[in-house]
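Single-structure report; data block below.
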Amino acid sequence: MLDENPFGSFKKECEETLKTVIKKLYPEFQIQKLVLEIPPNPQYGDLASSICFELSKTYKENPETLASKILNEILKLKFNLIWKVETLRGYINFFVNLPKLAEQTVNLAEKLKKEFGLVKTEKPEKIIVEHTSANPSGPLHVGTARNAILGDALARILTARGHKVKRHFYVDDVGRQVAIVAYGYRLLGEPKIKEKPDKWLGFIYTATNCAVEIKTLKEKIAKTQNQEELERLKRRLDEYAAVAVELESTHKEEFYKILDGVNSDPNPNQTIEKIIVNYEKGEKETKRLVRRIVKECLKGFRETLKKAEISFDSWDWESSFVWSGKVWEAIEKLKKTPYTFTRDGALVFNVQLAAETLGVKQKIFGESLFEVPQLVLVRSDGTTLYTTRDIAYHLKKFEWADRVVNVVGVEQKLAQQQLKTALLVLGVEKALNSLIHYAYELVKLQDYRMSRRRGKYITFDELIDEAVAMALNEVSKRSLNLPEKQKQKIAKAVGIGAIKYTMLSVSATKTVVFSWDKVLNFEANAAPYIQYAHARASSILRKTKIKPKKPDYALLQNPLEKQLIIKLSMFPEVFCEAADNLKPELLAEYSNSLADAFNAFYNKLPVLKAEDKALRDTRLKLVKTTKIVLENALNLLGIKTPGKM
RNA sequence: GGGCCCGUAGUCUAGCUUGGAUAGGACGUUGGCCUCCGGAGCCAAAGGUCACGGGUUCAAAUCCCGUCGGGCCCGCCA
C-alpha cells in the first residue's frame, strides 16, 4: 500500500525516523501517539511533530533543547523521501524531497491511470449500501436527493476501495402512505397515467390525504368542547384548506372527484386501514391495485435516478418479506425470547431489557442511563410495523453481507438502534459493529418546511432540470462553436455535478437549507470550478503531441509547483481516509483544493511555452497527473469531468 | 421530562475522532490582472469574543462540566 501512496511513504518515513531516535535517546519513553501534522506555513516544512512538548513533561527539559538533541540524532540517519529536517520553537519540521516525491507520484499516476489513488483494502468485505428508499407514493424530492447522492458516492467509494458492494433500494410498499394513494386512485376509477407517474401519484397522495384530513378534522371540530383544542383543530383545517386551493388549481377535475369520493365514504380511515390489512394478507384485488401503483411510481424514480446516473443492484420489496413468511418467522423467534410480552393485544419488544441482558446497552445507546423505549412489533389487529419488517429485511441482508450501511435520515436513529438490538437477540452478532446507520440531516427550505403531506416540496426532477438548463445557458455563452448535442452533454455534467457537490460538501450531520441560489450560482459552487480546472488541463494536453521523455523533477522550484505536487501526492491517503471513515466530504474538499493549486499554477507558469524543453516536459507531466487525479476524485463522487466546457 | 445533533466574519462552510505554530475556503464588498496554454480564472485588501461561562493543560475551536439559542427523536407512523 505504501508503494501506492507517495505522501504516505514520506509520512511513514518521518514516523520511523522519530521513533528510532526517541527509542535511542529515551528508551523508557512510551510513545502514546505520534501524530505528524501539516504545518500552518510551508516554511515550517511539509510535516511536523510536536512530540518534544510531550517529552518535556517527563524529562523536565524545555522542548527546544529536546528538539535540538533529537535533531542531532536524526541528522546521523540516511533519508529517502526526507530532504531535510529543522527545529523551531520546539517543533521538529520535516521537509520532503520534492523531486523524488514528484517523480513517484507522476510515475504511479501514469502507470495506474484510472486506478491511481484507489488503494485496495487488505480486508475486502461484502457490503450492502441501502440508500434512497423513498416512499413510493410521490416523486423524489430534494431531501431524498441528498440521500441518493450520499449513498451513491459511498457505494462508489467503497467499491473503489476493493469491497464487494451492492446497492439496494428498499421499496416501502406496505404501509399507510401507499394505501392512501391506492384509495385515491381507486376513487378516480383507476385512470391511465399520462404524466410522469411518480409526480402524478404524488398529486393523488396529497389530494387524498388532504380530503381525508379535512373530513376528519371537521368531524372532530363538531364534537370538541374544549376551546383550546378547538382552536388548534381549526388552525389545522385552515392549513389543509389552503392546500386544497392549490390542488384545485392544478388538477381541478381529479381533485373534486377525490374530494367527493372521500366525503361520501362514511369512514375513509377505515377504508384505508382495510387496504393495509388486505395488502399484508396478500388479498388478490388489493395486491393488484397496490402493486400497479408502486410499479408505476418506481418507473418514475428510475427515470429521475438515471438522469443523475444513480443505479441500484436490487429493489427489495417490503411486501415480499411479509408474504414469504419471513417477518412472522422473525416474530416467532423473538416471541420465544424473554424480551417480548403482550400488551392490549399487541406484541411488544422490551428493547431496554434485551440490550442490558446482552450487555450492549452502552455500545448501542450510549453512556446515559435513559430508559430505551419499547417497540411494538405487532399491532392488536395482527398487522406488523415498519421496524418489525425491517428486522426481517436485515436478517436477509446479513445472510450475504459482512457489513450493511443504511443511508437513512437521522430522525430514524432510535428505530435503527432498536433494529440492531433485535438482530443481536436473533443471533446476528456482526450487526453490533457492522450495521451502520449513516445518518444524514434533512434538507429544509428557507421559508417553509417541506411536507409531503401538504404537497410542499421541490422535486429532484425540477432541481435537475433547472440546474441543467442553467448550465446549458452558461455553456452556450462560452463555447459557441460546439455542436448542440455536445453542449447538452456538458450542461448535464455541469448542472448535475453542481447539485451533487452541494449535497456532498456539507457534513451529513448538518442541516442543509436549500436555496436555488446556492445550487445555481456556478460562481460560488465548487463543482464547475473543479471541472473547469480539469477542462484547462485537458485543453493543454489536447494542444500538444509531445510525449515528455526526459522530465527533470529538480527543475520544479516554484512554490506553486511544489504546492501542486504535494496535493497530488496526497490523493491516495485522502481516498483511504474517506473510504474507511465513510466521509465523502473529504474527497469533495480535496478536489476543490487540488483545483485551487492547479489554477494558481496554471495562471502563473506556462507549460507548453515554458522556458526550456525539460521544464516543459516536466510541467506537462504535472498537468497530466492533475487531470488523472481530478477525474478519479470526482468520479468517486459521481461527478463527470468533461474535457471541454 | 429524558436522549441525540448543530452553533465558527454580513451569508454559507472546513477543521473537533487523535489538543500544538498566524482558525482554512467560498459568496458578497473593495482594488488590481487578458501582446501569454480557456477570465466558469488569477492576485491583493477589509471582515472573527470559534454561542456564552467555568475547568483540565506548557498549549483548547478541538477534551470535561454548566448555561443559552436552533433542530430531531421518545407513536399499535414510516
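The values are calculated or read from the model by the stated rules, or taken from the named source; none is laboratory data. These figures come from a predicted structure and were not determined experimentally. For neighbour counting, all protein chains shown are included, and Cβ atoms are generated from backbone atoms with ideal geometry for every residue, glycine included.
Worth a mention:
- Among the conditions (1) at pLDDT 95 or above; (2) within 30 Å of A:K295 (Cα to Cα); (3) within 11 Å of RNA strand B (Cβ to nearest atom), the only one that A:D381 does not satisfy is (1).
- A:D580 vs. criteria touching a residue at least 60 places away in the same chain (Cβ under 8 Å) and within 12 Å of RNA strand B (Cβ to nearest atom): yes
- Among the residues of the range A:157-171, the ones that are surrounded by fewer than 21 Cβ atoms within 10 Å (Cβ to Cβ) and either assigned to a helix (DSSP H, G or I) or out of contact with any strand residue (DSSP E or B) (no Cβ under 7 Å at 6 or more places or on another chain) (or both) come to 2 in all.
- A:Y457 aromatic (F, W, Y) and out of contact with any His (no Cβ under 7 Å at 6 or more places or on another chain): no
- Members of the range A:605-619 that are more than 6 Å from RNA strand B (Cβ to nearest atom) and surrounded by fewer than 21 Cβ atoms within 10 Å (Cβ to Cβ): A:A610, A:E611, A:D612, A:K613, A:A614, A:L615, A:R616, A:D617
- Unmet criterion (only one of (1) assigned to a helix (DSSP H, G or I); (2) free of Cβ contacts under 8 Å to residues at least 24 places away in the same chain) for A:V277: (2)
- Test: residue in the range A:407-415 that is in contact with an Asp or Glu (Cβ under 7 Å, 6 or more places away or on another chain) and within 9 Å of RNA strand B (Cβ to nearest atom): yes
- Those residues of the range A:385-396 which are surrounded by fewer than 23 Cβ atoms within 10 Å (Cβ to Cβ) and more than 14 Å from RNA strand B (Cβ to nearest atom), in sequence order: A:L395, A:K396
- A:L101 among the aliphatic types (A, V, I, L, M), assigned to a loop (DSSP other than H, G, I, E, B) and in contact with a helix residue (DSSP H, G or I) (Cβ under 6 Å, 6 or more places away or on another chain): no
- Yes/no for A:V629 being of a type in the set (V, I, T), in the same structural domain as A:G497 (by TED's automatic domain parsing) and within 12 Å of RNA strand B (Cβ to nearest atom): no
- Looking only at residues in the range A:84-98 that are touching a helix residue (DSSP H, G or I) at 6+ places or on another chain (Cβ under 6 Å) and part of a strand (DSSP E or B), the one that is nearest to A:I628 (Cα to Cα) is A:V96.
Residue-by-condition table, conditions (1) of a type in the set (D, E); (2) farther than 28 Å from A:V129 by Cβ; (3) touching a helix residue (DSSP H, G or I) at 6+ places or on another chain (Cβ under 6 Å):
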site	(1), (2), (3)
A:N267	no, yes, no
A:N278	no, yes, yes
A:R292	no, yes, no
A:R302	no, no, no
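- Scanning the range A:204-245 for residues that are part of a helix (DSSP H, G or I) and of a type in the set (S, T, N, Q) turns up A:T206, A:T208, A:N209, A:T216, A:Q227.
- Residue within the range A:313-326 that is crowded, with 16+ Cβ neighbours inside 10 Å, within 28 Å of A:E280 (Cα to Cα), away from RNA strand B (no atom under 12 Å from the Cβ) and acidic (D, E) present: yes
- Restricting the range A:410-445 to residues that are among the small types (G, A, S) and not in a helix (DSSP H, G or I), the residue that is surrounded by the most Cβ atoms within 10 Å (Cβ to Cβ): A:A439
- Of the residues A:V404, A:V360, the single one that is surrounded by fewer than 20 Cβ atoms within 10 Å (Cβ to Cβ), away from RNA strand B (no atom under 12 Å from the Cβ), among the β-branched types (V, I, T) and assigned by TED's automatic domain parsing to the domain that holds A:E318 is A:V360.
- Matching residues in the range A:356-414 - criterion: being closer than 19 Å to A:S320 by Cβ and of a type in the set (D, E, K, R): A:R389, A:D390, A:K396, A:K397, A:E399
- Of all residues in the range A:181-189, none satisfies being assigned to a loop (DSSP other than H, G, I, E, B), among the basic types (K, R) and modelled with pLDDT of 95 or more.
- A:F571 falls short on exactly one of the conditions (1) out of contact with any Lys or Arg (no Cβ under 8 Å at 6 or more places or on another chain); (2) at pLDDT 95 or above; (3) farther than 18 Å from A:Y501 by Cβ; (4) not polar (S, T, N, Q), and that condition is (3).
- For first residues located in the range A:351-367 and farther than 15 Å from A:E429 by Cβ, partners that are part of a helix (DSSP H, G or I) and lie 6+ apart or on another chain with Cβ distances below 7 Å form the pairs A:V351/A:Q418; A:V351/A:T421; A:K361/A:A355; A:F365/A:A355; A:F365/A:Q417.
- Output for the range A:80-93, where each listed residue is touching a strand residue (DSSP E or B) at 6+ places or on another chain (Cβ under 8 Å) and within 16 Å of RNA strand B (Cβ to nearest atom): A:I82, A:W83, A:K84, A:V85, A:E86, A:T87, A:Y91, A:I92, A:N93
- If you filter the range A:60-72 down to residues that are more than 47 Å from the chain's Cα centre (by Cα) and part of a helix (DSSP H, G or I), you find that the one that is farthest from A:P99 (Cα to Cα) is A:T65.
Each row is one residue, and each column tells you yes or no for (1) out of contact with any Phe, Trp or Tyr (no Cβ under 9 Å at 6 or more places or on another chain); (2) near RNA strand B (Cβ under 10 Å from one of its atoms); (3) at pLDDT below 95.
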position	(1), (2), (3)
A:C52	no, yes, yes
A:K60	yes, no, yes
A:T65	yes, no, yes
A:K78	yes, no, yes
A:F95	no, no, no
A:E103	no, no, no
A:N107	yes, no, no
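- Scan of the range A:38-58 for residues that are surrounded by fewer than 16 Cβ atoms within 10 Å (Cβ to Cβ) and in contact with a Leu (Cβ under 7 Å, 6 or more places away or on another chain), ordered by number: A:I38
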